[in-house]
1. Looking at N756, N745, which is the one that is within 29 Å of I560 (Cα to Cα), open to solvent by 10 Å² or more (accessible area, probe 1.4 Å) and at pLDDT below 85?
2. Restricting to segment 144-190, give me the number of residues that are surrounded by 20 or more Cβ atoms within 10 Å (Cβ to Cβ), in a loop (DSSP other than H, G, I, E, B) and β-branched (V, I, T).
3. For segment 114-133, does any single residue satisfy the condition of being out of contact with any Cys (no Cβ under 9 Å at 6 or more places or on another chain), at pLDDT 80 or above and closer than 21 Å to I89 by Cα?
4. Could you name every one of the strands (runs of 3 or more DSSP E) located completely within segment 539-590 that has at least 1 residues being out of contact with any Lys or Arg (no Cβ under 7 Å at 6 or more places or on another chain)?
5. For segment 243-276, enumerate the residues that are open to solvent by less than 30 Å² (accessible area, probe 1.4 Å), under 23 Å from the mean Cα position of the chain (by Cα) and of a type in the set (A, V, I, L, M).
6. Taking the criterion of being hydrophobic (A, V, I, L, M, F, W, C) and either at pLDDT below 90 or not in a strand (DSSP E or B) (or both), would at least one residue in segment 605-614 satisfy it?
7. Six or more apart or on different chains, Cβ atoms under 8 Å: show the pairs whose first residue is in segment 518-536 and farther than 30 Å from E282 by Cβ and whose second is open to solvent by less than 10 Å² (accessible area, probe 1.4 Å) and assigned to a helix (DSSP H, G or I).
8. So, in segment 478-514, of the ones that are buried (at least 16 other Cβ atoms within 10 Å of the Cβ) and of a type in the set (V, I, T), which residue ends up modelled with the lowest pLDDT?
Amino acid sequence: MNATQTFICQPDLINPLTTMGLQMSGILVLSHLFHLAMKAVGNSGPVAQILAGFALGPTGLSRIDKVKIFLYEQSTKDYYPVMEFFFSIIFMFQIGLETDISYAIRTLRPAGTIAYGGIILSVILGGTASFFSYRYLDFIGNAYIVYGLFVIIVLANAAPPAVIRLTAELKIATSDLGRLAVCSSVVNDMSCLFLYALIIATHSGKGFGRGILCLVVTVGLIFLNKYLALWFNRRNRNQKYLKNTEVFVILSLVIATSMIIELMSYNSSINCFLLGLMFPREGKSARTLLFKLTYSINNFILPIYFGYIGFQFNGNYFQKLENIVSVILIVVLSIVGKVGGTLAACKYMKIPLNEGVLIGFLLNMKGHADLVLLSGVSNIFSWTLKSHDLLLITIVINTVISGVVISIIMRKEEKRLAQAYRSLELQDPENELRLLACVYGPRHVAASVGIISALRGPQTAPITPYLMHLVELPEKHKAKSALYHELEDEEIEVNEDDYGGNDVVEINDAVDAFTADTKVLIQQIKAVSTFSNMYEDICDYAEDLRVSIILVPFHKHQRIDGKMESGKEGIRTTNQRVLRHAPCSVGIIVNRGPGGAPGFTQILSSETTQHVATLFFGGPDDQEALACSKRIATHPCVNLTVIRFVPSPSSSTENAAHPDDDVLLADFYNRHVRSGQVRYVEKCVNNGTQTVAALTEMGDMYTLFIVGRGRRGQSPMTTGMSDWEECPELGIVGDVLASSEFSINGSVLIIQQHRNPSI
């Protein structure tokens with residue numbers, strides 16, 4: 001009897017559900033306390049939650065008679081599979097919804113190689129172990145082959161919920177290693193569940209027919225969800241999120257489909273993952289589901305789910321020596337199979353040994369497909385409580401050991417796993433670009449989205465953009481700002497939903513339009529803070545997301561008459577602090593254009609051509625601007641011109657060029673100019689007056705100017721230009737281009753290359 005059948009057939013619900021309510025409350029309280037205590041030594045949430053359940057269960061506090069009366073009732077065991085079923089539906093749907101499809105496709109080969117490396121060795125070791133343990137576990141019936149497959153799946157399985165939560169808490173979820181581990185765990189989990197489905201199909205004569213019916217139902221709901229999402233998006237055009245009733249409709253369809261599949265004796269986890277994976281990402285429907293589900297799953301569902309794994313731990317099993325030996329044997333085989341197979345695959349993929357070990361232990365985290373098997377195995381054959389306890393105990397011990405080992409490894413590898421690319425110059429234009437664009441309101445979105453669309457380059461070059469909506473914390477709430485920053489991430493997401501006003505709707509609409517046109521998903525973040533602390537939020541997010549460049553808006557905006565009008569001084573102060581403290585390169589966007597309209601906007605189609613100029617004077621910042629231009633130059637709808645300013649040959653002043661300038665420009669010329677992709681021009685100037693004159697000549701020719709911030713006080717080409725400098729954070733040339741006295745029809749992107757604090 002599966003979880004759905006158990007739920008339908010149980011006659012007495014009140015007393016067991018009351019007991020389960022007390023158990024859940026106790027698990028939530030203890031898991032929070034354990035997490036706070038263990039977080040200081042680097043241990044993860046899933047481990048703390050399992051230990052909280054263990055402390056509360058029959059091996060811990062429930063051994064006390066008075067506690068046992070309230071917290072432990074034998075009949076509640078029948079409802080554990082039901083709870084696991086509903087929780088599994090929700091978090092597998094969310095995992096599918098959060099999966100980066102483009103990244104998963106790009107890394108399918110390495111992720112599959114790593115996943116199946118661990119599976120293959122686990123198959124060998126699990127098959128051997130099942131041969132010796134079959135008779136010992138006293139099964140009823142002659143089903144050795146099926147039993148062996150189940151043991152293999154338990155040893156080979158990796159739990160994506162545990163891996164995702166663990167990588168997020170260790171702040172490696174956005175690293176190449178963390179993303180590869182998560183993708184590998186999903187491939188591993190889906191493979192084990194698919195094998196389980198094959199076992200069900202072969203065991204029943206009608207299995208394959210039912211399997212096809214399950215597939216048809218899943219595909220039908222995928223198409224229905226697409227229409228529902230579009231319809232709900234149109235219905236809530238002027239709202240931040242969908243209504244609760246509409247969210248309920250979507251989730252009810254997912255749950256109903258899952259129950260139908262379970263009643264056919266199949267597991268619904270693959271179905272839920274596919275429904276989330278194929279759900280339309282653009283629009284309010286996906287945004288609302290992620291917002292609603294993430295908080296509930298991270299704060300309630302997963303703590304209870306992992307807590308119940310520990311709660312079912314039976315310590316009495318260790319009273320016999322033979323049982324202890326069995327547990328040690330299965331745990332060792334599981335670790336050796338998973339870590340050993342993963343290391344072999346990583347060596348084949350030329351992944352460093354220390355990263356291979358970390359991935360191996362991440363994939364040894366248990367707690368999903370194995371629990372599905374433990375609750376569903378009775379459909380095929382009966383087994384004793386002894387065998388059930390053995391496999392459940394190995395799940396708990398494996399997960400706890402892996403979590404502890406991972407925490408120890410991370411203490412040594414934390415610095416090495418920090419940002420891989422802190423600047424664009426060090427990055428190959430064909431590699432993934434991660435960037436963080438900051439906006440304060442709808443006015444800044446058009447220019448930011450325009451830069452993102454240009455940096456996207458060709459469709460073969462991957463890009464992962466983040467849009468951060470910065471909201472000033474009102475003065476009346478400043479007294480609460482310290483407490484606000486002490487909240488957990490999920491609590492912040494809920495509290496800050498009250499801030500931002502109608503700007504949120506306009507920003508969301510602009511992002512949705514961009515995603516619909518380009519199929520590039522912009523992940524949105526909101527930060528609510530006082531201006532004095534806002535730069536910390538930007539820098540912290542940039543480091544956690546491992547971006548290579550931060551884009552921030554200029555504090556002035558252009559009026560209809562072309563003049564620049566100052567906005568909030570707090571924006572300028574934030575920009576200055578970001579320039580000083582950013583963990584990566586920084587770009588300041590000055591949004592200018594004819595008649596106050598944006599000069600550089602989103603590139604919508606091949607019929608639209610944007611003319612971009614990169615101004616090169618020399619130095620690290622201009623080198624970073626040139627590296628940014630490499631990506632923009634690959635966009636089919638951009639005409640890029642690199643303009644190098646050099647002293648006139650007749651000038652008696654020596655050109656104090658940076659030693660790397662000529663080498664970098666020569667390489668750029670050979671790669672992009674000779675092929676005709678980029679136009680290259682040199683401007684000979686002797687002083688700042690001639691430089692300004694040259695800039696004036698090209699003011700109407702380009703929709704975007706890219707220039708390094710630079711420090712050109714000693715350069716003869718900018719002599720005198722700093723006498724009227726208004727905004728030093730833009731650099732000398734950037735300040736001139738952003739000045740109200742200087743008329744241009746294009747926006748300006750001023751770039752500062754990341755500087756090593758130790759230099």
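The values are calculated or read from the model by the stated rules, or taken from the named source; none is laboratory data. It should be emphasised that the depicted structure is a prediction, and the values quoted were computed from it without experimental measurement. We place every Cβ from the backbone using ideal geometry, glycine too, and count neighbours over all the protein chains shown. Surface accessibility is based on the protein's heavy atoms, side chains included, excluding ligands, DNA and RNA. Shrake-Rupley method; radii C 1.70, N 1.55, O 1.52, S 1.80 Å.
1. From the options N756, N745, the qualifying one is N745.
2. Residues in segment 144-190 being surrounded by 20 or more Cβ atoms within 10 Å (Cβ to Cβ), in a loop (DSSP other than H, G, I, E, B) and β-branched (V, I, T): 1 in total.
3. Looking for residues that are out of contact with any Cys (no Cβ under 9 Å at 6 or more places or on another chain), at pLDDT 80 or above and closer than 21 Å to I89 by Cα, one finds none in segment 114-133, hence no.
4. Per the criteria, 549-553, 556-558, 585-590.
5. Selection gives V247, L275.
6. No, that holds for no residue.
7. Between residues of segment 518-536 that are farther than 30 Å from E282 by Cβ and residues that are open to solvent by less than 10 Å² (accessible area, probe 1.4 Å) and assigned to a helix (DSSP H, G or I), the close pairs are F531/T574; Y535/T574; Y535/V578.
8. I492
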